[in-house]
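The values are calculated or read from the model by the stated rules, or taken from the named source; none is laboratory data. Bear in mind the structure is a predicted one, so any value in this text is a computation, not a measurement. All Cβ positions, even for glycine, are placed from backbone atoms using ideal geometry, and neighbour counts span all protein chains on display.
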Amino acid sequence: MSKQVRTRLAIFASGSGSNFEVIAKAIQSGKINAELCLLICDQPEAYVLKRAEASGIEARLLQPNQYLNKMTFEQAVLGVLKEMKIDLIILAGYMRIVGKTLLGAYPDRILNIHPSLLPFFPGKQAVLDAFAAGVKETGVTVHLVDQGIDTGPILSQKKVMVESGDTLTSLEEKVHKVEHSMYPYVIQTYIEKLQKEQVHS
Ligand code: GAR
């Protein structure tokens, strides 16, 4: 019987990287059956780079402004992904729209987490937008990435209630907490689905 090869993950992140760290720990503890091979980061000051260093995970900083255009930037990213034999891309606070080059190379192989109940409040400041709109509930969405901004088939959603005493900070904390419990589980479920499809193909 052939041994199943572990799925090789790359995380893309632009900021603090709390989701990166939670995913790295979930892999270490066996909650996610995969190998975290790579962090791709587009911001030199991002704290996620320090988290990667502390956990001994290879990080590559690729800055779009050092390339001619989106296509050549993504071709450079793709070169690293191929070199590292990456199977699945996990966006975790990656504040950039994924373009045709990466989408074409990884169809249905790019997951994103977004801090709202999509299709409500897409974009870069979803928690602030939901708070400012005065909604009673918001939440978290994990979805497959397509060419749109926070569109693509939804894999899972969880609600977060906005209570009367909530501030923007407390709401952000609640949303992050849900993200941290939700993303590892959805990633593992998706990996299992891909592996089943592979066995039956
Ligand atoms: C997370 O809340 C994630 O949902 C959001 O960025 C934050 C990153 O936090 N992503 C988006 O808004 C994508 N449109 P982290 O750096 O602490 O993981």
### Verdict on Lys177 being closer than 27 Å to Pro44 by Cα and either within 16 Å of the ligand (Cβ to nearest atom) or among the hydrophobic types (A, V, I, L, M, F, W, C) (or both)
yes
(Q) Taking the criterion of being more than 14 Å from Phe131 (Cβ to Cβ), outside any helix (DSSP H, G or I) and either touching a strand residue (DSSP E or B) at 6+ places or on another chain (Cβ under 7 Å) or not hydrophobic (A, V, I, L, M, F, W, C) (or both), would at least one residue in the stretch 177-200 satisfy it? (A) no
Per the filter on the stretch 96-119, residues within 16 Å of the ligand (Cβ to nearest atom) and either closer than 16 Å to Ser156 by Cβ or in contact with a Lys or Arg (Cβ under 6 Å, 6 or more places away or on another chain) (or both) are Gly99, Ile110, Leu111, Asn112, Ile113, His114, Pro115, Ser116, Leu117, Leu118, Pro119
Pro153 vs (1) touching a residue at least 12 places away in the same chain (Cβ under 8 Å); (2) under 15 Å from the mean Cα position of the chain (by Cα); (3) farther than 25 Å from Tyr47 by Cα; (4) away from the ligand (no atom under 15 Å from the Cβ): all pass except (1)
Of (1) outside any strand (DSSP E or B); (2) touching a Leu at 6+ places or on another chain (Cβ under 7 Å); (3) within 11 Å of the ligand (Cβ to nearest atom); (4) of a type outside the set (A, V, I, L, M, F, W, C), Pro122 satisfies every one except (2)
Filtering the stretch 1-19 down to residues that are more than 18 Å from Gly79 (Cα to Cα), at pLDDT 95 or above and more than 9 Å from the ligand (Cβ to nearest atom) yields Thr7
Taking the stretch 138-149 and the residues there that are out of contact with any helix residue (DSSP H, G or I) (no Cβ under 9 Å at 6 or more places or on another chain) and in a strand (DSSP E or B), the one that is nearest to Thr189 (Cα to Cα) would be His143
If we ask which residues in the stretch 99-112 are under 13 Å from Val77 (Cβ atoms) and either basic (Lys, Arg) or not in a loop (DSSP other than H, G, I, E, B) (or both), their number turns out to be 7
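Checking the condition under 27 Å from Pro64 (Cα atoms), surrounded by fewer than 17 Cβ atoms within 10 Å (Cβ to Cβ) and modelled with pLDDT of 95 or more, which residue from Gly99, Gly148, Gly134, Gly93 passes? Let's see the steps before the verdict.
Details: Gly148 fails: modelled with pLDDT of 95 or more; Gly134 fails: under 27 Å from Pro64 (Cα atoms); Gly93 fails: surrounded by fewer than 17 Cβ atoms within 10 Å (Cβ to Cβ).
Just a single option satisfies the conditions, and that option is Gly99.
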